[in-house]
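Data first, discussion second: the structure below is written as structure tokens.
The values are calculated or read from the model by the stated rules, or taken from the named source; none is laboratory data. Remember, predicted model here, so these are calculated numbers, not experimental data. Counting neighbours? That spans all protein chains shown, and the Cβs are built from the backbone with ideal geometry, glycine included.
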Amino acid sequence: MRMAQLSEESSISVATIKLYLREGLLPPGTRTSPNQAQYGLPHLRRLKLIQALVKLGRLSLAAASDVLDAIDSDRPLIETFGVAQRAATRVVDRASIRDAALERVDSLLGDWHVDPDGCGRYDAAAALAALQDSGLSATEDWYRRYADAALAVAEADLDLVDAQEGRSAKAETVVVGTVLGDALFAGLRRAAQQHVSYTRYAAGDAESPPAR
């Protein structure tokens, strides 16, 4: 298909497709003349992946390029996970994170095999410190239930990766599951909060609509 058809099939403008080509996110098509190229289904699929990373995952073009390069490489899956996590994780000022917050996170992680310099540990510590500074009075059980939920989601993520055939499919699942899984989990958490708040606080009032 030509670029105009690729644009129509993907619902992505020609200008945006050209941008992705210039940035190296989308492989070039097969040249049929100096000003024309043909594109196939792999280009269409890659376009949809790029859009998912940029629009839903809210990655910059540079970050999206990094994770796409990781998908296309032959690096070990655990390294691909690292690339995806760094791309999907907000940057925190590690120097400002208090040792007490890191120690609290470490107590929650227990015997998990976690890189002490990994973004997950520091991001959790920054969030925990902010929660405490806000005056939130949370019990140890509350923190523990969050950690247990995170471990259950991680198990589901890796089960999905293991179900794929071949390194390329596994690597793509690693990236998509990490970046877009964050957006999916946030949405499901919002919906679950609405459900639980309604069943606890409004179920007895037939005229009370669910929280929105």
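Residues of region 2-36 that are more than 24 Å from the chain's Cα centre (by Cα) and buried (at least 17 other Cβ atoms within 10 Å of the Cβ): MET3, LEU6, SER7, GLY29.
Screening region 166-189 for residues that are buried (at least 16 other Cβ atoms within 10 Å of the Cβ) and among the polar types (S, T, N, Q) and picking the one that is farthest from LYS48 (Cα to Cα) gives THR178.
Contact map, region 120-143: first residue over 17 Å from ARG94 (Cα atoms), second residue of a type outside the set (Ser, Thr, Tyr), Cβ cut-off under 7 Å, separation 6 or more or different chains; pairs are ALA138/LEU131; TYR143/LEU108. How many residues are loosely packed, with under 15 Cβ neighbours inside 10 Å and modelled with pLDDT of 90 or more when one looks only at region 90-105? Total satisfying the criteria: 3.
Condition check: under 22 Å from GLU155 (Cβ atoms), modelled with pLDDT of 90 or more and assigned by TED's automatic domain parsing to the domain that holds GLY177. Does LEU108 satisfy that? Yes, satisfied. Quick check: anything in region 72-79 hydroxyl-bearing (Ser, Thr, Tyr), in the same structural domain as ARG121 (by TED's automatic domain parsing) and within 15 Å of the chain's Cα centre (by Cα)? Scanning region 72-79, I find no residue that is hydroxyl-bearing (Ser, Thr, Tyr), in the same structural domain as ARG121 (by TED's automatic domain parsing) and within 15 Å of the chain's Cα centre (by Cα), so the answer is no.
Looking only at residues that are within 22 Å of the chain's Cα centre (by Cα) and among the β-branched types (Val, Ile, Thr) in region 118-165, which one is surrounded by the fewest Cβ atoms within 10 Å (Cβ to Cβ)? The selected residue is VAL153. Only one of the numbered conditions (1) over 15 Å from GLU172 (Cβ atoms); (2) loosely packed, with under 15 Cβ neighbours inside 10 Å is not met by LYS48, and that is (1). Consider region 105-117 and keep the residues that are of a type in the set (D, E, K, R) and under 21 Å from the mean Cα position of the chain (by Cα). The one that is nearest to ALA147 (Cα to Cα) is ASP115.
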